[in-house]
Amino acid sequence: MKLVSWNVNSIKARGEHVHRFLKESAPDILMLQELKGEIFATDSFEGYHAKAVTQKAYNGVAIISKHPINTLLTALPGLGDDEQSRYIEADINGIRVINIYLSNGNPVEGGSHEKFLYKLRWMDALIARVKILRAEGVPFVIGGDFNIIPCAIDCHDIKACQGDALHHPEGLKLWRTLLNTGLTDAYRIHDSSKEKYTFWDYQAGAWPKNNGIRIDHFLTSPQITDRIESCVIDKNPRGWDRPSDHTPIALTLKPL
């Protein structure tokens, strides 16, 4: 079973890329982030089911699946009337699939800016949700754009990221708390090498220079971790014409 997460940075701009990717890679489940629009044609993916949570001009997440999608949540519990579309949770083929688009969080402004505080609140709410799922014994995977650079090896120049919301001590503390619930950073099971990234800025020749960061992740509960066959970064779509600044990350699970 192959699950893929990909921040497409506008489904309107990258719709053809999504169709191409489905045709060439044929994942069982494709999790998209940053749709940037209310229009998402859920019936346009031949051979696939699709569900989306959208928002005008910003954010938005979707799940495209070969298997039926039993949608359970379209917002992260614990955030009140949060209007930002950043979360969808569903049961698919015996697995709880959670697709997230965590906010960037910048500017930090000494830790007091509302955007940064929102990111921390969101992470707290995600941790609370994970603790419930762990207590219930639910096998689950969380995939998406976390906007978190976990370690120095996940950035081409970690010194330049000091104080940035993507690598801020408060965000990293919550990242570790999330992992300490029993989750695993799936990519790092088989690959502990440097210079493996999922995002390259459009500016300053970042892509050809490989000046990237790893901010797109799969976190797995113990039941799913035991089934991991591979977790790889697919750099090919980043080299396509007019690409997203992110590239897909693919998680393959062994059958039960």
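Points to keep in mind about this one:
- Pairs meeting the criteria (first residue in the stretch 19-36 and at positive phi, second residue among the hydrophobic types (A, V, I, L, M, F, W, C) and part of a loop (DSSP other than H, G, I, E, B), beta carbons under 9 Å, at least 6 apart or on different chains) are Glu34/Val8; Lys36/Val8; Lys36/Ala57.
- Taking the listed residues Gly205, Gly171, the one that is surrounded by 18 or more Cβ atoms within 10 Å (Cβ to Cβ) and among the small types (Gly, Ala, Ser) is Gly171, with no other qualifying.
- Hits in the stretch 137-147 (condition: of a type outside the set (Phe, Trp, Tyr) and in a loop (DSSP other than H, G, I, E, B)): Gly137, Val138, Pro139, Asn147
- Residues of the stretch 89-124 that are of a type in the set (A, V, I, L, M, F, W, C), within 18 Å of the chain's Cα centre (by Cα) and over 19 Å from Ile215 (Cβ atoms): Ala90, Ile92, Ile95, Val97.
- Number of positions in the stretch 143-157 that are among the acidic types (Asp, Glu) and surrounded by fewer than 24 Cβ atoms within 10 Å (Cβ to Cβ): 1
- The one condition in (1) within 21 Å of Ala90 (Cα to Cα); (2) touching a residue at least 12 places away in the same chain (Cβ under 8 Å) that Ile132 fails to fulfil: (2)
- Inside the stretch 182-205, residues that are under 18 Å from Cys161 (Cα atoms) and in contact (Cβ under 8 Å) with a residue 12 or more places away in the chain make up a count of 9.
- Checklist (1) over 19 Å from the mean Cα position of the chain (by Cα); (2) within 23 Å of Ile100 (Cβ to Cβ); (3) not in a helix (DSSP H, G or I) applied to Pro150, failing item: (1)
- Residue that is surrounded by the most Cβ atoms within 10 Å (Cβ to Cβ) [pool: residues in the stretch 127-137 that are of a type outside the set (D, E, K, R) and over 19 Å from Ser5 (Cβ atoms)]: Ile127
- Considering only residues in the stretch 9-55 that are under 24 Å from Ile224 (Cβ atoms) and under 15 Å from the mean Cα position of the chain (by Cα), the one that is surrounded by the most Cβ atoms within 10 Å (Cβ to Cβ) turns out to be Met31.
- Any hit, the stretch 11-24, residues being of a type in the set (Gly, Ala, Ser) and in a loop (DSSP other than H, G, I, E, B): no
Computed from the coordinates by the stated procedures, all read-outs in this text should not be read as laboratory data. Here the structure is a predicted model, which means the values were calculated and not measured. For neighbour counting, all protein chains shown are included, and Cβ atoms are generated from backbone atoms with ideal geometry for every residue, glycine included.
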